[in-house]
Ligand code: PMP
């Protein structure tokens, strides 16, 4: 690099002086990126990374301060649970830090297969498959499904997660969007746009990540049946928190959902994701989902933590009941302050503020006062519905909710 540097040109530093990159090479890329960043700045949308660390009792450490955390998704407090830490340590000590290869090469251990059988039993399906992350699962699985369903009509709730949109975009398929949780609208679209298609696929979430409301599983199952449509449900925020033993809302309609996706990264306190469904579905994905085939298998420590979480989650009824009670307390308090909390009925509670600048200012004021509640703004949520997204943790006490409400009231 040093030798190829044009005479007199400055050196940009990337990985330190020994790995300096010639400025000319950086400019070929960076000039474009700097212009794109300037557009992000102009729109007031620039984001930056700020370090934080989860702490017990629903707290988070950020920049030397301990804040009450209403932003993380560690709903059950498992991310720092001694049993998960110990099992991750044990499995790492026994099997190493890396899995060594992708699943179809030598990356499949006995532990992967045993864990997949456990997840299938937990979700009440024939089979399950572990993915590196929820984003990757959605982005990899949807194009694989659509490759096997040529000409399929795809129906999506307007508020599905970005990772599902990535999967649909990768498939190059047009989607028919129905209004959020409006299953009458879905029914109309199924009848209008679906009837002449060779196949139909409905994509939705059981608990919506930004609104904390639930989809009606029974009606979705009935619509899928009546219109002969395959049903795909993302349970990222329901897994561990809702349903009997934390099995998610899919447990309300056993056998009626063709594909259930969920993550280990939220209530289960770990990392990675699963797809649960029929044996045929899983066998197909092993052969066709690029984001499964061409990535290294999740390592032993990650699997150990998931295994321990699955030991604990079914018995965490007290934590689930506590989260539900905190949610009710928070919604009642927000309503008393005149704030709209939408249709939330879970551990995720929005406080809709409206203008982006107001939501940002409120979040900043709360942080000054010792509370971390993220402002969520377009494009993540529709314009005019910028909000605080308040995520509850089982470690919170009722007094934490009351203190947050008082701080919101004061800031307003
Ligand atoms: N689906 C939904 C609904 C999500 O909220 C998320 C996480 N933000 C994901 C998928 C992606 O999961 P992961 O964080 O494991 O990649």
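The values are calculated or read from the model by the stated rules, or taken from the named source; none is laboratory data. Computed from a predicted model, the values in this text were never measured in an experiment. A quick note on method: Cβ atoms are made from the backbone with ideal geometry, for glycine too, and the neighbour counts reach across all protein chains shown.
Results, tabulated for the structure shown:
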read-out	value
Hey, residue 244 away from the ligand (no atom under 16 Å from the Cβ), free of Cβ contacts under 8 Å to residues at least 12 places away in the same chain and surrounded by fewer than 23 Cβ atoms within 10 Å (Cβ to Cβ) or not	yes
The lone exception for residue 362 - which of (1) modelled with pLDDT of 95 or more; (2) over 24 Å from the mean Cα position of the chain (by Cα); (3) loosely packed, with under 15 Cβ neighbours inside 10 Å it fails	(3)
Residue within segment 218-232 that is over 23 Å from residue 145 (Cβ atoms) and away from the ligand (no atom under 15 Å from the Cβ) present	yes
Some residue of segment 301-311 being within 13 Å of the ligand (Cβ to nearest atom), in a loop (DSSP other than H, G, I, E, B) and either over 16 Å from residue 243 (Cα atoms) or without any contact (Cβ under 8 Å) to a residue 60 or more places away in the chain (or both)	no
Residue in segment 303-324 that is touching a strand residue (DSSP E or B) at 6+ places or on another chain (Cβ under 7 Å), outside the structural domain of residue 92 (by TED's automatic domain parsing) and surrounded by 20 or more Cβ atoms within 10 Å (Cβ to Cβ) present	no
Residue match in segment 164-176 (condition: in contact (Cβ under 8 Å) with a residue 60 or more places away in the chain, within 24 Å of the chain's Cα centre (by Cα), within 16 Å of the ligand (Cβ to nearest atom) and surrounded by 22 or more Cβ atoms within 10 Å (Cβ to Cβ))	yes
Residue selected from segment 198-210 under the condition within 11 Å of the ligand (Cβ to nearest atom) and in a loop (DSSP other than H, G, I, E, B), by the criterion farthest from residue 124 (Cα to Cα)	210
Qualifying residue in segment 258-280 (condition: more than 14 Å from the ligand (Cβ to nearest atom), part of a helix (DSSP H, G or I) and closer than 11 Å to residue 129 by Cβ)	yes
The one condition in (1) surrounded by fewer than 17 Cβ atoms within 10 Å (Cβ to Cβ); (2) within 16 Å of the ligand (Cβ to nearest atom); (3) at pLDDT 95 or above that residue 129 fails to fulfil	(1)
Condition check for residue 293: crowded, with 24+ Cβ neighbours inside 10 Å and at pLDDT 95 or above	no
Some residue of segment 274-281 being closer than 21 Å to residue 147 by Cβ, without any contact (Cβ under 8 Å) to a residue 24 or more places away in the chain and either surrounded by fewer than 18 Cβ atoms within 10 Å (Cβ to Cβ) or in contact with a strand residue (DSSP E or B) (Cβ under 9 Å, 6 or more places away or on another chain) (or both)	yes
Matching entry among 134, 107, 77 (being closer than 16 Å to residue 296 by Cα and surrounded by fewer than 21 Cβ atoms within 10 Å (Cβ to Cβ))	107
Subset tally (residues that are farther than 17 Å from residue 209 by Cα and at pLDDT 95 or above) for segment 373-389	0
Any chance residue 384 is more than 27 Å from residue 77 (Cα to Cα) and assigned to a loop (DSSP other than H, G, I, E, B)	yes
